[in-house]
Amino acid sequence: MKFNSIILAAVVTSSALTMTTANAGNTTNTALTSALGGVVGAAVGKQMGGTTGAMIGSAIGAGAGAGVSSNKRDRTGAVIGSALGGAGGYTVGKNMGGTSGGYIGAGLGAAGGSVLGKKVSEDRRYDDRDERRYDRDERRYDDRYDRRYNSYRYSDRHDNGRHLGWYKNGKR
């Protein structure tokens, strides 16, 4: 029990130091803090609520770690990915290697999930930007918005269809 508390204290200390020095947006730092958060969350959750508590704790810890170290634009994707990866990794690791395997699985799953979620968020943002750009270009060449190729100019005149311009009433 004393050895577990020493390990827990070391992980909490190193994760706190890493979270404060992490540059926002770096994928490696996001993965590292997410993994440490997942392991700490799993350890604390296991002490508080057994296996289910460890799974929930790993999800919360991994999400918090990813949220701290990811940049603002990709934060949501990194948090969701790391929380799902941390919970899934703990479950798989626990089934394969007991409690230690659960901790390792939580760390690896949270790291992989945060990187994947961040990448998906970046790709979606890039695709949205391209889509908006092509929408604008498409609208520029669309005949509906161009007065030169639209016959709306003749629909509001009330001269019975004789469009003579300067020569109204037959005066030429």
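The values are calculated or read from the model by the stated rules, or taken from the named source; none is laboratory data. These numbers were taken from a predicted model, which means no experiment stands behind them. Note that each Cβ is placed from the backbone with ideal geometry, even for glycine, and that neighbours are counted across all protein chains shown.
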* Asked: Between a first residue in the stretch 82-100 that is buried (at least 23 other Cβ atoms within 10 Å of the Cβ) and a second residue that is among the aromatic types (Phe, Trp, Tyr) and part of a helix (DSSP H, G or I), which pairs have beta carbons less than 8 Å apart while being 6 or more apart in sequence or on different chains?
  -> Tyr90/Tyr103; Gly93/Tyr103
* To do: Go over the candidates Tyr126, Tyr134 one by one and state the one that is over 29 Å from Ala35 (Cα atoms), modelled with pLDDT under 90 and in a helix (DSSP H, G or I).
  => Tyr134
* Structure fact -> Exception for Ala35 within (1) of a type outside the set (Ser, Thr, Tyr); (2) buried (at least 24 other Cβ atoms within 10 Å of the Cβ); (3) closer than 21 Å to Asp123 by Cα falls at (3)
